[in-house]
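Some notes on the structure that comes next.
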Amino acid sequence: DKFDKGMEKTRKSFSEKINELFAGFREIDEDFFDDLEEVLISADVGFDMTIAISDVLREEMRVRPGRTGEEVKNIIIEKMVEIYEKGEIDLPVINENPNGLTVILFVGVNGVGKTTTIGKYAYKLKNEGKKVLLAAGDTFRAGAIEQLEVWAERVGVDVVTNAAKSDPAALVFDALKKGKADHYDYLLIDTAGRLQNKVNLMKELEKINRIIEREIPGGASETLLVLDATTGQNALIQAKQFKETTNVTGLILTKLDGTAKGGVILAIRQEMEIPVKFVGLGEGLNDLQTFDPEQYIYGLVK
Ligand code: GDP
């Protein structure tokens, strides 16, 4: 399906190397571990995750040596799933406001696919019969407002805009008023991703959050950080930086279709407690999917 297709590049590079590793499989020795670690690192699985998998495998082999290559491969898959899930097996869901308007903030640096993702998510919600309002809160980046307007029209949802360079908090206030008065189910808020100016970013997001909390008891239901999977370990660095400035509740990994670095999801999971909620698998309206960790890991290795 779409997910398998989107994961093609990552899977191809990863499973080719894994299969190469097992092609000449005789026994597990230090050379094998060296090669395995190299394969995992090169797929951007991350250092910690790589060591964790390699440690588990060492222990498994100590307890019961002499396993076949296929058995060893299965252990690797199982351990990846186990480490990823950390005891949680439910699919990641988006929290909703049971009392009315569900507010979702989208954060992330320019170019990661934030606007596109909002468009795709609005489309998904609309198809579920929800009434969706967008707020063009990225008043900083040139063209961001127009781009969101284009998406709104394409999807057939409403959008609240304000002049470029105006105060995004004021715009969010207007959007919240409209969202409540006209009984929308969802308000999706685009924000400016100025990570190069952390203090300003933090202040802006704080101000926006204060206004949401004033209008909606309990505040925003989710703050979703959008990350570009093609940037590999850089995405992990961005995730850490954003977590310092705002209460990120979930991640969206975009452009999984355009990269062999899809292993970065494992690295992010290993280092942070934030779940991946969606993955972007292309530029089309239907190319946003709920993230299924098991499907993802089996897709990596099979
Ligand atoms: P923003 O600056 O974060 O709002 O980024 P945009 O939404 O403008 O997206 C930047 C570019 O990435 C655009 O050309 C999008 O079409 C493209 N893009 C976004 N998501 C995906 C995805 O999942 N896959 C692919 N292949 N391209 C994507």
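The values are calculated or read from the model by the stated rules, or taken from the named source; none is laboratory data. Everything numeric in this text was worked out from a predicted model, so none of it was measured. Here the Cβ positions follow ideal geometry from the backbone for every residue, glycine too, while neighbour counts run over all protein chains shown. For accessibility, only protein heavy atoms count, side chains too; no ligands or nucleic acids. Shrake-Rupley method; radii C 1.70, N 1.55, O 1.52, S 1.80 Å.
Tabulated data for the structure shown
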item: Per residue solvent-accessible surface (Å²) - the stretch 22-166, probe of 1.4 Å; result: 49 Å²
item: Most mobile listed residue (Ala164, Ala260, Ala23) in the chain, GNM with C-alpha springs under 10 Å; result: Ala23
item: Calculated FRET value between Thr68 and Lys243, using beta carbons and R₀ = 41 Å, to 0.05; result: 0.50
item: Contour minus Cα-Cα distance for Arg154 and Asp29 (0.36 nm per residue); result: 39.4 nm
item: Rounded to 5, percent antiparallel among DSSP beta bridges of the chain; result: 10 percent
item: With all protein chains modelled, accessible area of Met49 [1.4 Å, Å²]; result: 0 Å²
item: The chain - percent relative contact order, Cα under 8 Å, separation 6 or more; result: 27 percent
item: Lys131 long-range amide H proximity, modeled H, under 5 Å; result: Asp185, Tyr186
item: Whether the stretch 130-181 is rounded, prolate or oblate, judged on the alpha carbon gyration tensor where a/c under 1.5 counts as rounded; result: oblate
item: Inter-label distance, nm, simple model (7 Å from Cα along the C-beta direction), Glu271/Lys12; result: 2.8 nm
item: Label-point separation, Asp48 to Lys203 (7 Å along Cα→Cβ), nm; result: 3.2 nm
item: Distance (nanometres) between label positions extended 7 Å along Cα→Cβ at Asn95 and Asp4; result: 3.6 nm
item: Helix-only mean residue ellipticity at 222 nm for the chain, each DSSP H run of n ≥ 4 adding -39500 (n - 2.57), per residue, nearest 500; result: -16500 deg cm²/dmol
item: Long pairs among Lys5/Lys120; Lys9/Lys79; Lys131/Lys240, criterion Cα-Cα beyond 29 Å; result: Lys131/Lys240
